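Below: one structure, written as structure tokens.
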């Protein structure tokens, strides 16, 4: 067959072997199916979603970008089980930091959060002014301070450089960072480790995995039964 | 003389005071003394000796201020300092002897402090405060034991006591020249003829109970610096601010206190002051933290006019609490509470106090009042489980204020669509607040919109019977 012996000698084979190895080790090469890079994760609490995410959960030390066209389509319920787990007593120090909300579009309602099992003492919320970089600045400060367990932020605009900085800061501080962005962000490339798009159809929240380090893009549907525990 | 504005040492300078019906010389500098101008000389007589005499009036308030400033400097040698106006400080060094290793090292360190302040000082250590005072005035040496005290004091002249001239004259007429002579007099006779208070002073100098007013540095800490020229340069302001903070921190360290925040006052030429209040999440005395807070805030400040002076004022202080550091900092991903509070400070400095908060539950039926903003960060609050609305759903997003929804012809609510909302659950009747003016009467429903959002809506029964959106089940 045509691919049978392109390299005739052992020497050439080994040379190509070294080359591929070198190539694979390069940080510029992204391998779709590698589970190696999954790192630490927070289980999402939704089995279907866990199955499609590398390592089986939210990347615990990276930037997750969630694109929501409209508010109130289940974007918070999606995060609640994992956040509640971070509030359980007896966790190691790295999970005891703030649950930091940066410029949320509405008021996160304390009674509902409390019922979801979120420890209200851990919540820190800032309304950054609408200036372009204020929210991103607040996020970066939070990440650099290494005192947050989760950073949830809402930003209208964020350029490539800013996202890249956030991603690096999230990696360095080992903090679960979630950035909510409007639909217009779909046009933009993103350095985030995980990129999702949420849509809602009646009782189903459709989670579209647009980009995911170490796994394939997929679509997961999460049912929100009124009897189910995903809602309060 | 050292408390008054500095003059050149070549000029013939004297300090004068009005006493006994004439302006008299209190103190003369070396140039004046070489011309024969002595203390207690009348000013007119002094002018006869030197025509180019430079006179300064004695200012008691300056002296007091200087003495207090010096007391603040010496407070790190002993926590018990008392002022002996016009010219002496008494330090209780018994408790500091071990730390400094004896009286000599303390005296050396004090001498260095005073030299830096360009103050001529004499020191004397004695078992009692009054004895030390009298001995230093008479030029005596240290007395370190009670047994030697009576002997040393005995040689001191009467002038060292600074008793009134009349009393001293009376004693002199009796042939009494030294304190020793006084002590040898019969006690009751001395008390009757000279005065009981002087007998008491003699007793105090030899160890009877001597109650003194302890010097307490003013609670308000403040540091100030003037600029030579007006400035708008942020770099210069930041630089000066850092130096001021360094001084403030030095002060805090000496007094072992920490502050919950400070006020930064920018002085302008003929304009109102710009005052910026900076508060820390937790009281601190840490220079790095204060500097960072200051520089962060400085970026945000919009100064209306050039600045001529800058001062920092710290209000209430509290005793410093120091905790031991973390040995293996990197083992724990999150640093100690310190990292958490420093984040709060940075955010507050940048966005203002109002925009940063934590949350708390309130036992209240009205949904908008069932939570509250809390600014007591880093404190664990004990809260009992609340039963309000127990069986009913509560949304994760709450609108800051209910939003009026348009209605269809048969009075059904719509949300961003022509189609009416589909009611899923409800009603949950909430009626409350008639006693405090915030009366509500609402029927809450969980409804689904055409776009798939799950909404928390209510029908108002109080005012206009309209439909409102109050939250999203996000």
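A few points about this structure:
- Qualifying residue in the range B:88-99 (condition: closer than 24 Å to residue B:146 by Cα, in a loop (DSSP other than H, G, I, E, B) and at pLDDT 85 or above): yes
- Residues of the range B:342-352 include at least one that is in a helix (DSSP H, G or I), out of contact with any helix residue (DSSP H, G or I) (no Cβ under 8 Å at 6 or more places or on another chain), more than 8 Å from chain A (Cβ to nearest Cβ) and modelled with pLDDT of 80 or more.
- The residues in the range A:61-77 that are outside any strand (DSSP E or B), more than 7 Å from chain B (Cβ to nearest Cβ) and buried (at least 24 other Cβ atoms within 10 Å of the Cβ) can be counted, and the count is 1.
- Apart from one condition, residue A:126 fits all of (1) in contact with a strand residue (DSSP E or B) (Cβ under 6 Å, 6 or more places away or on another chain); (2) farther than 19 Å from residue B:352 by Cβ; the exception is (2).
- The listed residue being crowded, with 16+ Cβ neighbours inside 10 Å and under 34 Å from the mean Cα position of the chain (by Cα), out of B:129, B:156: B:129
- One residue stands out in the range B:225-243 among those that are over 13 Å from residue B:294 (Cβ atoms) and surrounded by 10 or more Cβ atoms within 10 Å (Cβ to Cβ): the one that is nearest to the chain's Cα centre (by Cα), namely B:225.
- Matching residues, the range B:38-58, being in contact with a helix residue (DSSP H, G or I) (Cβ under 9 Å, 6 or more places away or on another chain), farther than 21 Å from residue B:21 by Cβ and in a loop (DSSP other than H, G, I, E, B): B:50
- Answer residue from the range A:107-121, given it is surrounded by fewer than 21 Cβ atoms within 10 Å (Cβ to Cβ) and more than 8 Å from chain B (Cβ to nearest Cβ) and is nearest to residue B:353 (Cα to Cα) among those: A:119
- For residue A:198: the one exception among (1) in a loop (DSSP other than H, G, I, E, B); (2) out of contact with any helix residue (DSSP H, G or I) (no Cβ under 7 Å at 6 or more places or on another chain): (1)
- Look at (1) more than 10 Å from every other protein chain (Cβ to nearest Cβ); (2) closer than 27 Å to residue B:350 by Cβ; (3) touching a strand residue (DSSP E or B) at 6+ places or on another chain (Cβ under 7 Å); (4) in a loop (DSSP other than H, G, I, E, B) and you find that residue A:104 fails only one, number (1).
- Enumeration of residues in the range B:59-87 that are assigned to a loop (DSSP other than H, G, I, E, B) and either within 30 Å of residue B:102 (Cβ to Cβ) or in contact with a strand residue (DSSP E or B) (Cβ under 6 Å, 6 or more places away or on another chain) (or both): B:75, B:76, B:77, B:78, B:79, B:80, B:85, B:86, B:87
- Those residues of the range B:418-441 which are in a loop (DSSP other than H, G, I, E, B), surrounded by 14 or more Cβ atoms within 10 Å (Cβ to Cβ) and more than 14 Å from every other protein chain (Cβ to nearest Cβ), in sequence order: B:433
- If the condition is being crowded, with 16+ Cβ neighbours inside 10 Å, outside any loop (DSSP other than H, G, I, E, B) and either more than 40 Å from the chain's Cα centre (by Cα) or on the phi > 0 side of the Ramachandran plot (or both), then the range B:25-37 contributes B:31, B:32.
- Enumeration of residues in the range A:142-169 that are in a loop (DSSP other than H, G, I, E, B), within 13 Å of another protein chain (Cβ to nearest Cβ) and more than 13 Å from residue A:98 (Cβ to Cβ): none
- When each of A:192, A:215, A:158 is tested for being in contact with a helix residue (DSSP H, G or I) (Cβ under 8 Å, 6 or more places away or on another chain) and without any contact (Cβ under 8 Å) to a residue 60 or more places away in the chain, the lone residue that passes is A:158.
This table checks each residue for (1) in a strand (DSSP E or B); (2) more than 22 Å from the chain's Cα centre (by Cα); (3) at pLDDT 75 or above.
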residue: B:311; (1), (2), (3): yes, no, yes
residue: B:316; (1), (2), (3): no, no, no
residue: B:326; (1), (2), (3): no, yes, no
residue: B:368; (1), (2), (3): no, yes, yes
residue: B:373; (1), (2), (3): yes, yes, yes
residue: B:385; (1), (2), (3): no, yes, no
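- Selected residue [out of contact with any strand residue (DSSP E or B) (no Cβ under 7 Å at 6 or more places or on another chain) and more than 9 Å from chain B (Cβ to nearest Cβ)] from A:183, A:214: A:214
- The range A:190-203 - residue that is surrounded by fewer than 22 Cβ atoms within 10 Å (Cβ to Cβ) and at pLDDT 85 or above and, of those, nearest to the other protein chains (Cβ to nearest Cβ): A:199
- Looking at B:214, B:226, just one residue is touching a strand residue (DSSP E or B) at 6+ places or on another chain (Cβ under 6 Å) and assigned to a loop (DSSP other than H, G, I, E, B), and that residue is B:214.
- Scanning the range A:126-140 for residues that are crowded, with 21+ Cβ neighbours inside 10 Å and either within 9 Å of chain B (Cβ to nearest Cβ) or on the phi > 0 side of the Ramachandran plot (or both) yields a total of 3.
The values are calculated or read from the model by the stated rules, or taken from the named source; none is laboratory data. Everything numeric in this text was worked out from a predicted model, so none of it was measured. With ideal geometry, Cβ positions are generated from the backbone for all residues, glycine too; neighbour counts draw on all protein chains shown.
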